1. Would you please name the residue that is farthest from ASP71 (Cα to Cα), looking only at residues in the stretch 84-133 that are of a type in the set (S, T, N, Q) and not in a loop (DSSP other than H, G, I, E, B)?
2. List pairs: first in the stretch 58-78 and more than 14 Å from ALA150 (Cα to Cα), second part of a helix (DSSP H, G or I) and not aromatic (Phe, Trp, Tyr), Cβ under 7 Å, 6+ apart or cross-chain?
3. Is it fair to say PRO81 is farther than 20 Å from GLY24 by Cα and either open to solvent by 20 Å² or more (accessible area, probe 1.4 Å) or at pLDDT 95 or above (or both)?
4. Could you please find all residues in the stretch 12-35 being within 27 Å of ALA145 (Cβ to Cβ), modelled with pLDDT of 80 or more, not hydroxyl-bearing (Ser, Thr, Tyr) and not in a loop (DSSP other than H, G, I, E, B)?
5. Filter the stretch 108-161 for residues that are small (Gly, Ala, Ser), touching a residue at least 24 places away in the same chain (Cβ under 8 Å) and either more than 20 Å from LEU87 (Cα to Cα) or open to solvent by 60 Å² or more (accessible area, probe 1.4 Å) (or both) and give the result.
Amino acid sequence: FSNAPPRFKRPWEYVISLVRAVDGQPTDRLFGGVLNALRSLGQLPFDRITPDGYTDYASLWEANMLLRWNDAISVAYNRAPGIKVDLTGLLKAQGVPADMDAIIAYFAQHLYGRPLTQNESAVLSAFANKGGKPDLSKAPGQARAMDVIALMLAGPAFQWH
């Protein structure tokens, strides 16, 4: 199994991993927001017409990338319907200091299960520190941190497993 090639996450896998990665908590008992996300991505549970189940081919799911990116942004900013997300609480609970580099390093390990590659690190660091290192005690700095986390959730490394 360890030598198997990476596989593109189907919508179900992506949405569930997205919610789990940020310790999302349901705000309604029917997970209406999750079901709506799955409906828009084309993989509503038990909605496949044929009995063979949803396909596992990446080529059939790659067309919904914009929707996946929007879902990542909604989750990072705690705007996903039916899900409550507290990234600040998650970082505090894990003992991550209020430092952009520490946040990026934590989420790299948490989301990808590995440190960032040199290229990933350079891109995220450049984005996070554009215009100077953000002050995470103020709203613009906190928004930049949410942007970075959303970018990591929407990035290629999180789309594959």
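The values are calculated or read from the model by the stated rules, or taken from the named source; none is laboratory data. Quick caveat: nothing in here was measured; it's all calculated off a predicted structure. Neighbour counts run over all protein chains shown; Cβ positions are idealised from the backbone, glycine included. Quick note on the areas: whole protein, heavy atoms, side chains included, nothing else; ligands and nucleic acids left out. Shrake-Rupley method; radii C 1.70, N 1.55, O 1.52, S 1.80 Å.
1. The qualifying residue farthest from ASP71 (Cα to Cα) is GLN118.
2. Matching pairs, first to second residue: TRP61/PRO11; ASN64/PRO11; ASN64/LEU41.
3. Working: farther than 20 Å from GLY24 by Cα: no; either open to solvent by 20 Å² or more (accessible area, probe 1.4 Å) or at pLDDT 95 or above (or both): yes.
Taking the combined requirement at face value, the residue does not satisfy it.
4. Residues satisfying the conditions are GLU13, VAL15, ILE16, LEU18, VAL19, ARG20, ALA21, GLN25, PRO26, VAL34.
5. SER137
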